[in-house]
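Below: one structure, written as structure tokens.
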Amino acid sequence: MSGSPPELPIVVLDALMPVSQRLVLNRRGSSVWDVEGDGGRYAVKVGYPVQATSEWPAQPWTALAPAREGAVLHRLGADDIAYGEWERGTWNIQPWWEGPDLYRLWEPCRTEGSFEPHTSVVLGCVEALAELHAKGWAHGDVQPAHFIIGPERIHLIDLALAQGGHVPERYHFPFRGCLVHYEAPEIARNVLATGEAEPTQEADIYALGASLLISATGWRAVEYPDDAPRPVQREAVASGKRRPVKAPGELGELIDAMLSHAPENRPTIHEVGKALS
């Protein structure tokens, strides 16, 4: 159970003076709000620590994630970001990007056999990730929900786990993997062995391939029971045993290359873009 989300911190309310606010997402340790104020429309993220239960261990890092993302965005040159601390954790304010995510946009691909993914959308996702890679960063949490398909461009969001430059020590926390559906085998192996890993651009490529595959077909790249414990999921990913499923059209071969077991066998984001264009 996610429980009731905390209210927006007073400092955020004072900064935005909302005329409307809508809870978009409430999960363990964080909530996301769509807030409209006099200055525009914003996404507000609020983080707080997760207490240990019989089902999961304590997760104090969730309290730091919004401020860490804010610091990363500042390092990447965004000047329309604010972030700070409140009594239970941290928060950030960033522009609201309107549009469906990749998985929702491609629903017809999964429900109508004759519908193929548009190359222009794939290229937009590639360009968004390429922009990040060109600045020397790895995202660390590439997944379909993090590509917002806007009317003019595609936005890559949720950079709380990104690595590639300095982040204030008070907001930093180790990378312990991401959503296993999109986790590269080498990341899964390291997390199983040590509890931590290092986000890389090669792992981002794998995650992009897995994101495109599941969005186009509805199938995960690696097979494991839906209710399997996280370590069992990671063991399946680390083994490299792929499902025999392909995305439709020419995209299928490119995704297969992106999902190569060895990082050095995957194309770079530049090579993916060149193959598409």
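The values are calculated or read from the model by the stated rules, or taken from the named source; none is laboratory data. Please read these numbers as outputs of a predicted model, since none were measured by experiment. Methodologically, a virtual Cβ is constructed for each residue, glycine included, from the backbone with ideal geometry; neighbour enumeration extends over all protein chains shown.
Entry remark, the stretch 149-170: residues being part of a loop (DSSP other than H, G, I, E, B), free of Cβ contacts under 8 Å to residues at least 40 places away in the same chain and exposed (fewer than 12 other Cβ atoms within 10 Å of the Cβ) number 1 in total.
The lone criterion from (1) free of Cβ contacts under 8 Å to residues at least 60 places away in the same chain; (2) touching a Gly at 6+ places or on another chain (Cβ under 6 Å) left unmet by Trp97 is number (1). Could you please let me know if Leu8 is free of Cβ contacts under 8 Å to residues at least 24 places away in the same chain and more than 25 Å from His166 (Cβ to Cβ)? No: the conditions fail for Leu8.
Out of all the residues in the stretch 100-119, is one or more of a type in the set (Val, Ile, Thr), out of contact with any Phe, Trp or Tyr (no Cβ under 8 Å at 6 or more places or on another chain), in contact (Cβ under 8 Å) with a residue 24 or more places away in the chain and assigned by TED's automatic domain parsing to the domain that holds Pro174? Checked the stretch 100-119: at least one residue is of a type in the set (Val, Ile, Thr), out of contact with any Phe, Trp or Tyr (no Cβ under 8 Å at 6 or more places or on another chain), in contact (Cβ under 8 Å) with a residue 24 or more places away in the chain and assigned by TED's automatic domain parsing to the domain that holds Pro174. Within the stretch 126-144, the set of residues being in a loop (DSSP other than H, G, I, E, B) and either within 15 Å of the chain's Cα centre (by Cα) or buried (at least 21 other Cβ atoms within 10 Å of the Cβ) (or both) comprises Trp137, His139, Gly140, Asp141, Val142, Gln143. Reported count of residues in the stretch 89-125, each being within 30 Å of Arg28 (Cα to Cα) and either of a type outside the set (Ser, Thr, Tyr) or surrounded by fewer than 17 Cβ atoms within 10 Å (Cβ to Cβ) (or both), is 19.
Arg153 falls short of the stated requirement of being over 17 Å from the mean Cα position of the chain (by Cα), assigned by TED's automatic domain parsing to the domain that holds Ile205 and closer than 17 Å to Thr90 by Cβ. Here Glu198 fulfils each of the conditions (1) farther than 28 Å from Tyr48 by Cα; (2) surrounded by 13 or more Cβ atoms within 10 Å (Cβ to Cβ) apart from (1).
Out of Ala193, Ala262, Ala188, one residue alone is among the hydrophobic types (A, V, I, L, M, F, W, C), surrounded by 14 or more Cβ atoms within 10 Å (Cβ to Cβ) and in the same structural domain as Arg110 (by TED's automatic domain parsing). It is Ala188. In the stretch 177-277, counting only helices (runs of 4 or more DSSP H) that sit wholly within it, the ones holding 1 or more residues that are of a type in the set (Ser, Thr, Tyr) and under 20 Å from Pro144 (Cα atoms) span 201-217. Annotation: Ile148 fulfils all but one of (1) under 27 Å from Gly209 (Cβ atoms); (2) in the same structural domain as Ala43 (by TED's automatic domain parsing); (3) out of contact with any helix residue (DSSP H, G or I) (no Cβ under 7 Å at 6 or more places or on another chain); the unmet one is (2).
Residues of the stretch 22-39 that are modelled with pLDDT of 95 or more and touching a helix residue (DSSP H, G or I) at 6+ places or on another chain (Cβ under 9 Å): Trp33, Val35, Glu36. Of everything listed in (1) in contact (Cβ under 8 Å) with a residue 60 or more places away in the chain; (2) closer than 26 Å to Pro168 by Cα, the single unmet condition for His74 is (1).
Selection of the stretch 202-229 for residues being touching a Pro at 6+ places or on another chain (Cβ under 9 Å), surrounded by fewer than 24 Cβ atoms within 10 Å (Cβ to Cβ) and more than 16 Å from Val245 (Cα to Cα) yields only Glu202.
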